[in-house]
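As C-alpha cells, the structure follows; a few thoughts come after it.
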Amino acid sequence: MNIKILFVVFIIILTITAICVVLFVRLFNMKKRLHDIVEVLDDISSGNGNRRILARPGDVTASICYKINKIVCDYEDRLSCFRKAVDTNKQVMTSLSHDVRTPLTTLIGYLDAVHKDIVKGKEREGYIETARKKAYDMKNYIDMLFEWFKLNSNEHPLSIQTCEMAELTRNLLKDWIPIFEEKQLDYDINISEHPIIVKVDLDGYSRIVNNLIQNVITHSNASRIEISLSNKSNQVELCVVDNGTGIPREDLDHIFERLYKCDKGRSQKGSGLGLNIVQQLVKKMNGEISVNSKPNKYTSFVVSFPPAH
C-alpha cells in the first residue's frame, strides 16, 4: 500500500515537474519573443520603417505582431505621402519663383520703359501689347495654381450631377473655334448627335476639356486637332488628338505628375500643373484618363466616364 502511495506521489511530482518545465520553457520563449519584438520596434522608431515583426501563424503573439505590422505599414504610407507633399510644396515654391517672379520682373521692365518714355510710337505700342500678354500669362498661371491647391486641399468638393454631355461639350468648343482659327490650327469636331447622359461636375468637366485643348495649343506645335465624344463599350469617351511633336516614351509614364515638364518633344511653356489637374478631376468624377503618343506623329488623350443609369 505504501508503495502504491509512493508511486502515485512520484507520478504527481513528475507531472508537476514536467508542467513547470513546460511553463518555464514557454515563459522563456515568450520573454525572448518580446525581447525580439522590442528590438524591432526600437529599430522602427529609429527610422527604419522597412522592418517587420515576423511571426508564425501558431505563435501566441501572431495577432499582436500582425496588428503592429499593419500600424507600421499605415504609418509609412502616411509618412510617404507627407514627404511627397513636402517635396511637391518645395517644387511649387521653386516653380512659383521662376514662373511668376521672372515674368513679373520682365513685365515691370516693359512698363517702366513705357512710363519713362524710353520707347515711342509703334515700339511703345509693341511694349504695351507685350506687357498685356505677359500679364494674362501670369493670370492664367496663378489661376492654374489656385485650382491645383483647391483640388489638393479637398476643401471644395465637386458637385456631381447628371448632365447631357454632348450639348455641354459643344458649348465649350464654340469658344475655342476662334482660337483655332487664329492659331491656324485645323480642327475636326465629332460629337454624337444622340444625348449622352453622364454624372459629372460641370465646372470640373469644363476644366478637363479646356486644359486638354490648352495643352495642345501650348505644347504640341500641332497643325491639326481632333476632338470627339461618343459612347464606346459602355463608356463615354472624350478624345483629344493632335498631330504635333508628340511625347517621348520615357515621358509618357510621368506626364500626369505634378510639375512634370518634358525635356524633349514638348515646349517648356506652362506650369506643369494642367494635366495633373485633369487627372485629379477625372478620378474625382469616377473616370479614367490615358495617353498614347508617337513622336512627330500624334498624341491622343482619352477620358472615359461611366454612363449615368
- Task: State all residues of segment 185-237 that are farther than 17 Å from residue 301 by Cβ and among the aromatic types (Phe, Trp, Tyr); if no residue qualifies, say none.
- Result: none
- Taking the condition more than 28 Å from residue 207 (Cβ to Cβ) and not aromatic (Phe, Trp, Tyr), does residue 117 pass? yes
- Message: Of the residues 86, 40, only one is loosely packed, with under 11 Cβ neighbours inside 10 Å and among the β-branched types (Val, Ile, Thr); which?
- Response: 86
- Message: Suppose the filter is surrounded by 12 or more Cβ atoms within 10 Å (Cβ to Cβ), assigned to a helix (DSSP H, G or I), among the β-branched types (Val, Ile, Thr) and at pLDDT 85 or above; does residue 68 pass it?
- Response: no
- So which residues in segment 273-288 are of a type in the set (Val, Ile, Thr) and surrounded by fewer than 20 Cβ atoms within 10 Å (Cβ to Cβ), if there are any at all? none
- Query: How many residues are part of a helix (DSSP H, G or I) and among the acidic types (Asp, Glu) if we restrict to segment 132-182?
  - Reply: 6
- Item | In segment 234-248, the residues that are buried (at least 18 other Cβ atoms within 10 Å of the Cβ), of a type in the set (A, V, I, L, M, F, W, C) and either at pLDDT 90 or above or not in a loop (DSSP other than H, G, I, E, B) (or both) | 236, 238, 240, 241
- Residue in segment 136-188 that is nearest to residue 235 (Cα to Cα), counting only those that are of a type in the set (Ser, Thr, Tyr) and surrounded by fewer than 15 Cβ atoms within 10 Å (Cβ to Cβ): 162
- Select from segment 284-306 the residues that are more than 16 Å from residue 158 (Cβ to Cβ) and more than 15 Å from the chain's Cα centre (by Cα) and list them in ascending order. 292, 293, 294, 295, 296, 297, 298, 299, 300, 301, 302, 304
- How many residues are surrounded by 15 or more Cβ atoms within 10 Å (Cβ to Cβ), small (Gly, Ala, Ser) and under 18 Å from residue 294 (Cα atoms) when one looks only at segment 216-233? 2
- Message: I'm told residue 77 meets every condition in (1) more than 30 Å from residue 273 (Cβ to Cβ); (2) not in a loop (DSSP other than H, G, I, E, B) except one. Can you identify the failing condition by its number?
- Response: (1)
- Note on the structure: Selection over segment 112-131 where residues are assigned to a helix (DSSP H, G or I) and surrounded by 11 or more Cβ atoms within 10 Å (Cβ to Cβ) yields a count of 12
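The values are calculated or read from the model by the stated rules, or taken from the named source; none is laboratory data. The structure presented is a predicted model; accordingly, all values stated were derived computationally and were not measured. Quick reminder, even Gly has a Cβ in these numbers, built from the backbone with ideal geometry, and neighbours come from all protein chains shown.
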